[in-house]
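A short write-up of the structure that comes next.
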Amino acid sequence: MVKRTLILVLVTMCLTACGSSLVKVGDIKSQPRKYVGQEVRVQGVVTDFFTFGRTRFFSLSDDTGQITVWTTKVLPARGEHMTVTGLVAEGIAVGPWRQLVIREAD
């Protein structure tokens with residue numbers, strides 16, 4: 001019984017340490033060099049969505065900010081609470097203005 005409990009504790013610790021923890025949108029936007037090119041998990045509420053040809057985007061907001069998510073999946077509903085995993089990329093940068101996006105994993 002002790003061996004089984006120890007194994008369960010070790011597996012839980014590994015999953016916690018090895019798994020992707022949630023990142024706040026504000027952290028991504030305030031430290032873009034740390035996150036661009038990195039896979040992240042963010043959680044929030046869908047505030048808007050739009051398409052451009054076959055390309056689909058939606059805005060995801062948490063308590064620290066809003067970020068655009070680029071997806072190949074069906075667009076979520078406005079107001080939907082969700083967790084997104086994807087790669088942070090620089091979408092557009094013009095002068096001091098920069099638009100970061102998360103390319104959602106398939």
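Read-outs: derived from the displayed coordinates by stated rules, not from any lab. This is a predicted model, so every value here is computed, not measured. As a convention, Cβ positions derive from the backbone with ideal geometry for all residues, glycine included, and neighbour counts pool all protein chains shown.
Given R0 = 25 Å, the distance between the Cβ atoms of T64 and A105 translates into a calculated FRET efficiency of 0.70.
Take the Cα of K73, step 7 Å toward its Cβ, do the same at R41, and the gap between the two points is 1.3 nm. Among 60-70, 41-51, the peptide with the highest mean count of other Cβ atoms within 10 Å heads the list, and the full ranking is 60-70, 41-51. Cross-link partners for K24 among the aspartates and glutamates, with Cα-Cα distance under 19 Å and sequence neighbours closer than 8 places in the same chain left out: E39, D48, D62, D63, E80, E90, E104.
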